[in-house]
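Below you'll find the structure, written out as structure tokens, and then a few comments.
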Amino acid sequence: MTRAGANLTLTTSRALVLDFVRSAGPISRVELATLTGLTPATMTNVMRQLLTDGLVIEVGRDLSTGGKPRVLLDINPTARFAVGIQLGVDSLTYVVTNLGGAIVGRLRTRGAEDSPPADVIQRMAVSANQLIDDLGIDGQAVIGVGLAAPGSMDLDRGVLLSPPTLPQWSDYPLRDALEEATGRPVLLDNDGTTSAVGEFWGGDVPDASTMCAVYMGAGIGAGILLGGTVFRGASSNVGELGQMWMNAPRSGAAPDTLERVAGPAGVAAAVQRALDAGAASSLALSGTDPIADFTLISTAALLGDPVAVAAIAHSAQDLAEAVLIAANLFDLDCVVLAGPSVAIAGSIYVEILQKRLDEGFFAKARHGVEVRLSTHATDAAAVGAAALVLQHQLAPRSFGS
């Protein structure tokens, strides 16, 4: 059930029914009628369409309470598939998910690096289509490609706007080029937003949740769902937590953005300063690859290295302050941490964020805010990009009356 006040609209009765079967199945027609409020005639027509299209299947009967046992309905997971691609400078991640959001195939290749966008697009198309073929999936069952990318973007034009790690891609017709190369419809979105949709579509987040997926890769962003619907703002560039200005009282430095203070590059720089100052540590950083250095620091933190533990804790504390602001602004009840940069030391981040939210959340007398790590932390954006396609094509959601 969606929370009162979410003002959620699924655009058709078919989408409404399919979404409830996806989230609550196995479920009977009687239960569906109660949840959706549809008339018996409408429910019959909608269910006939869904069964004919193979999206829903009968999976048995419930226990009898004296009358005839009710037929139970559930999603047919193999009826449709979607491809999700995560665009990054260091790596490209591809996943294929089924209708239920489960991963059925995964591939990781070298990233965009400094290659011309047109060359990378061709590589992406070849890899995506090869993955579908290798899985033995009927291409007709693949309903589209979702593409997750970092930074701000113009979704109407399907372009990135001055992405800091991918400068050559600024204003490049990314969505349209990938559509032409793959021969499939493409949806482009921010990696934080796709991560949030993936958590919801996969069934890990209840319909009632007002949730925030915090995505930490090279930078820090977030996606926000209200009752399962993406909150987009004026230009679909919601959730740039990394651009929030933070104070840095520990060092006495001038205020800086969260991303530069708490992101991988900032953490690696802080550790290097500590090492240069003679701090006792087993760490030896490259000094040239902040992502690789952050991975070393995260691993060392789990092993108890004091410099690494302090650096990761400081990062998590700064992130916690930003997330607390978001929680109070949106009255969140769930925060999911996702992205490759929390894949190793995510447990430290979860513990520190949970403690700060337990202490500082304004509405804590009414409800708490659960903090947890994404099931697909490293690949969350790609998984969510595929989920975005499934939701858009089969159960589109929007705000409205």
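The values are calculated or read from the model by the stated rules, or taken from the named source; none is laboratory data. Every value quoted in this text rests on a predicted model; they were computed, and no experiment measured them. Here the Cβ is made from the backbone with ideal geometry for all residues, glycine too, and neighbour counts use every protein chain on show. When the accessible area is computed, the model is the full protein with side chains, heavy atoms only, and any ligands, DNA or RNA have been set aside. Shrake-Rupley method; radii C 1.70, N 1.55, O 1.52, S 1.80 Å.
One table, with the values for the structure above:
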| item | result |
| --- | --- |
| Residue count for region 181-216, restricted to those that are over 16 Å from GLY151 (Cα atoms), open to solvent by less than 10 Å² (accessible area, probe 1.4 Å) and aliphatic (A, V, I, L, M) | 4 |
| Among the residues listed as VAL83, VAL59, the single one being exposed (fewer than 15 other Cβ atoms within 10 Å of the Cβ), among the aliphatic types (A, V, I, L, M) and in a strand (DSSP E or B) | VAL59 |
| Failed criterion for VAL104 (all others in (1) open to solvent by less than 30 Å² (accessible area, probe 1.4 Å); (2) within 19 Å of SER374 (Cα to Cα); (3) at pLDDT 95 or above hold) | (1) |
| Checklist (1) open to solvent by 50 Å² or more (accessible area, probe 1.4 Å); (2) in contact with a Leu (Cβ under 7 Å, 6 or more places away or on another chain); (3) at pLDDT below 95; (4) of a type in the set (A, V, I, L, M, F, W, C) applied to LEU394, failing item | (1) |
| Close pairs (9 angstrom Cβ cut-off, 6 or more residues apart or separate chains): over 20 Å from ILE344 (Cα atoms) and touching a residue at least 24 places away in the same chain (Cβ under 8 Å) in region 272-301, open to solvent by 60 Å² or more (accessible area, probe 1.4 Å) and among the aliphatic types (A, V, I, L, M) anywhere | LEU275/ALA284 |
| Some residue of region 150-159 being free of Cβ contacts under 8 Å to residues at least 40 places away in the same chain and within 23 Å of GLU321 (Cα to Cα) | no |
| Residue match in region 45-55 (condition: buried (at least 20 other Cβ atoms within 10 Å of the Cβ) and among the charged types (D, E, K, R)) | no |
| Lone qualifier among VAL323, VAL336 - being hydrophobic (A, V, I, L, M, F, W, C), touching a Lys or Arg at 6+ places or on another chain (Cβ under 7 Å) and within 28 Å of ALA382 (Cβ to Cβ) | VAL336 |
| From GLY151, GLY144, residue being touching a Pro at 6+ places or on another chain (Cβ under 6 Å), open to solvent by less than 50 Å² (accessible area, probe 1.4 Å) and at pLDDT 95 or above | GLY144 |
| Any hit, region 108-126, residues being touching a helix residue (DSSP H, G or I) at 6+ places or on another chain (Cβ under 8 Å), within 23 Å of GLN393 (Cβ to Cβ), assigned to a loop (DSSP other than H, G, I, E, B) and open to solvent by less than 30 Å² (accessible area, probe 1.4 Å) | no |
| Residue that is most open to solvent (accessible area, probe 1.4 Å) [pool: residues in region 217-248 that are part of a loop (DSSP other than H, G, I, E, B) and in contact with a Leu (Cβ under 6 Å, 6 or more places away or on another chain)] | MET244 |
